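See structure below.
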Amino acid sequence: MQIVPLTPDRHEQVIELVLRRCPHFDRTMVAGPLQMPGRTDHATWLVALDETGGLTAVGAQFHLVGEPEDRFIHTVVVDEPRVGNGVGGRLHALLVERLPEHARVLTSMVSDSGTPLAVAQHWGFGVQQVSIQSRLDLSGIPAVALPADVTLETNHRLAFDDEPVVEAMLDASQTNPERERTGPMTLSQLRGMVSEESETRPLGVLVRVAGEPAGICYGLINGVEAHVFYTGVDPTYRGRGLAGLVKHGFHRAAAGAGARIATTENEQHNTGIRHVNEALGYRTRLEEIWLVRPVG
């Protein structure tokens, strides 16, 4: 078994390996870190090759630009025939050796994947949260009537004449559990989630009430898949169904751009947006367990 750095000619093989082992994952999210080099830094990608040069496992570790400096994503995926031969442990150890001092490492596993939680715990990880991934069929998305004082504004680049007001609305809207762990998200961070170097396209929709920014939905399109990164409404305007309206506007725009499905991911205790998703027709695909390991 040989472990070497990942080269661009194997990118598609890596994507196929991850999707084969994690069939519920979306290609958009698996391919993202490879297709958006400007979105990550301190990145290490390693692959394990068998005696014939075939890909048997992959390990990845990187920091997402704009996230807390000590927060690193850490992933090890081993092809089914090689599970249990120690290659996963070797990749894990090589990745951890390359971590900056005092880094916190995040990894995840699907709750029904068959991967023993005990393995991650043996490597020093503890459960941080459970995320719910859900999916919506975008075929036949109907138009909806808006209240007289409500408008939807498609704005893919998130460039606004009243940007400070929109920024303040975005900050106020973040009452989700994730904010407590990662801090507030800014317009600049949202923009940075889609790299101009990638094949993905940004998609953003703002909802206004009497001209004032009240809520936002932002994500991307990759081929026939749209993924929602964030949906939020300023608490001042909650109770009027604006989260559903702005997300519905995102769906309509995505379908108009050729997307056939939409996906999103939410922390299990974020019941507000999960109720909105259910009302819009999203169906749960999987539960993903996020684990954290302090290092240093």
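The values are calculated or read from the model by the stated rules, or taken from the named source; none is laboratory data. What you are looking at is a predicted structure, and each value in this text was computed from that prediction instead of being measured. Counting neighbours? That spans all protein chains shown, and the Cβs are built from the backbone with ideal geometry, glycine included. Only protein heavy atoms, including side chains, enter the accessible area calculation; ligands, DNA and RNA are left aside. Shrake-Rupley method; radii C 1.70, N 1.55, O 1.52, S 1.80 Å.
From the list V47, V14, V18, V30, the lone residue that is among the β-branched types (V, I, T), surrounded by 18 or more Cβ atoms within 10 Å (Cβ to Cβ), farther than 16 Å from T200 by Cβ and within 16 Å of the chain's Cα centre (by Cα) is V18.
The residue of region 268-296 that is farthest from F250 (Cα to Cα), among those that are modelled with pLDDT of 80 or more and small (G, A, S), is G272. Filtering G54, G86, G59 for residues that are free of Cβ contacts under 8 Å to residues at least 24 places away in the same chain and closer than 18 Å to I15 by Cβ leaves a single hit, G54. Residues of region 259-274 include at least one that is among the hydrophobic types (A, V, I, L, M, F, W, C), part of a loop (DSSP other than H, G, I, E, B) and either without any contact (Cβ under 8 Å) to a residue 40 or more places away in the chain or out of contact with any His (no Cβ under 7 Å at 6 or more places or on another chain) (or both).
Scanning region 218-262 for residues that are of a type in the set (S, T, N, Q) and crowded, with 20+ Cβ neighbours inside 10 Å turns up N222, T231. Please tell me if A43 is in contact with a strand residue (DSSP E or B) (Cβ under 8 Å, 6 or more places away or on another chain), part of a helix (DSSP H, G or I) and more than 21 Å from G86 (Cβ to Cβ). No: the conditions fail for A43. Answer yes if at least one residue in region 230-247 is of a type in the set (S, T, N, Q), under 17 Å from V166 (Cα atoms) and outside any strand (DSSP E or B), and no otherwise. Yes, that holds for at least one residue. The condition (being closer than 26 Å to H227 by Cα, in a helix (DSSP H, G or I), modelled with pLDDT of 85 or more and not acidic (D, E)) is satisfied by just one residue among L95, L34, L91, L17: L17.
Residue by residue, here is whether (1) of a type outside the set (F, W, Y); (2) open to solvent by 40 Å² or more (accessible area, probe 1.4 Å); (3) assigned to a helix (DSSP H, G or I); (4) in contact (Cβ under 8 Å) with a residue 12 or more places away in the chain holds:
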position	(1), (2), (3), (4)
L158	yes, no, no, yes
D161	yes, yes, no, no
M169	yes, no, yes, yes
E180	yes, yes, yes, no
Q189	yes, yes, yes, yes
